[in-house]
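The values are calculated or read from the model by the stated rules, or taken from the named source; none is laboratory data. Given the structure is predicted, the values throughout are model-derived calculations rather than measurements. Cβ placement follows ideal geometry from the backbone for every residue including glycine, while neighbour counts extend to all protein chains displayed.
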Amino acid sequence: MAKSVFRFLSRQPDTPELYGENHLLRLPRHSDYRQWYKLRSESRAFLQPWEPVWRPDELTEASFRARVIRSGQEYASGLAVPLLLFRREDDVLLGGLTIGYIRRGAAQSCMIGYWMGEKHARQGHMLAALKLAIPYIYGGLQLHRIEAACIPENWKSVRLLEKAGFEREGLLRKYLKINGEWRDHLMFSRLPEDGEFGKMLKP
């Protein structure tokens, strides 16, 4: 596995950038709108079965600007780290990964969610993104447990989580409203010692 690196921008010391050999995860910027709009609009039919119903203004620039502001606020408040995934060689947007529902106190846990543009799917990009995000969650955010939920029929997502060292815990009945319907979800979790690269994450 390629070694992952996370560092902080000099102008914005509280903003993470997670680097791999071929990938970069970072918070969204206003300048990302054109790429984001193109990729999301081209991938709508591919993504919609697995996401909440898109709002009428989902793809507008105003909505994206609000998303960028909200992402910064959520990160600053410690609630979430909403990241976009880029290919490093040409800064092409591939998808996104959000570290959300961060819980401190006794829980020290989070929930991750992700999406991939259709033309970039099934090429290993999201597995690479998880291998960047997981060490950051344990090391940078100092969390103990990572959770993820996916629709049982989404076998690609199930396989992805299993490859990344997640363990299946059970079924959440009618857990989230996806594409207009309340859908059951499989719950997965990951602890620092889990998975093929778990030993690398131990202190």
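Looking only at segment 30-49, which residues are polar (S, T, N, Q) and either in contact with a helix residue (DSSP H, G or I) (Cβ under 9 Å, 6 or more places away or on another chain) or not in a helix (DSSP H, G or I) (or both)?
Within segment 30-49, 43 is the sole residue that qualifies.
Taking the residues in segment 84-111 that are of a type outside the set (Gly, Ala, Ser), within 16 Å of the chain's Cα centre (by Cα) and under 15 Å from residue 39 (Cβ atoms) as candidates, determine which candidate is surrounded by the fewest Cβ atoms within 10 Å (Cβ to Cβ).
Within segment 84-111, the match that is surrounded by the fewest Cβ atoms within 10 Å (Cβ to Cβ) is 87.
Is it true that some residue in segment 66-83 is under 25 Å from residue 155 (Cβ atoms), under 16 Å from the mean Cα position of the chain (by Cα) and either at pLDDT below 95 or not aromatic (Phe, Trp, Tyr) (or both)?
Taking every residue of segment 66-83 in turn, at least one turns out to be under 25 Å from residue 155 (Cβ atoms), under 16 Å from the mean Cα position of the chain (by Cα) and either at pLDDT below 95 or not aromatic (Phe, Trp, Tyr) (or both).
Would you check if residue 164 is without any contact (Cβ under 8 Å) to a residue 60 or more places away in the chain, touching a helix residue (DSSP H, G or I) at 6+ places or on another chain (Cβ under 6 Å), buried (at least 18 other Cβ atoms within 10 Å of the Cβ) and under 15 Å from residue 25 (Cβ atoms)?
Yes; evaluated as a whole, the condition is true for this residue.
Six or more apart or on different chains, Cβ atoms under 8 Å: show the pairs whose first residue is in segment 52-78 and at negative phi and among the hydroxyl-bearing types (Ser, Thr, Tyr) and whose second is loosely packed, with under 13 Cβ neighbours inside 10 Å and in a loop (DSSP other than H, G, I, E, B).
63/55; 63/57; 75/14
Show me the strands (runs of 3 or more DSSP E) entirely contained within segment 92-201 in which 2 or more residues are closer than 19 Å to residue 16 by Cα.
Fully inside segment 92-201 and qualifying: 92-103, 109-116.
Can you go through 193, 181, 169, 153 and tell me which one is surrounded by fewer than 18 Cβ atoms within 10 Å (Cβ to Cβ), charged (D, E, K, R) and touching a residue at least 12 places away in the same chain (Cβ under 8 Å)?
169
Across segment 1-50, what is the total count of residues that are of a type in the set (Lys, Arg), out of contact with any strand residue (DSSP E or B) (no Cβ under 8 Å at 6 or more places or on another chain) and at pLDDT 95 or above?
Adding up the residues that qualify gives 5.
Just to verify a result, which residue in segment 51-69, among those that are over 28 Å from residue 184 (Cα atoms) and not hydroxyl-bearing (Ser, Thr, Tyr), is surrounded by the fewest Cβ atoms within 10 Å (Cβ to Cβ)?
Once the filter is applied, the top-ranked residue is 62.
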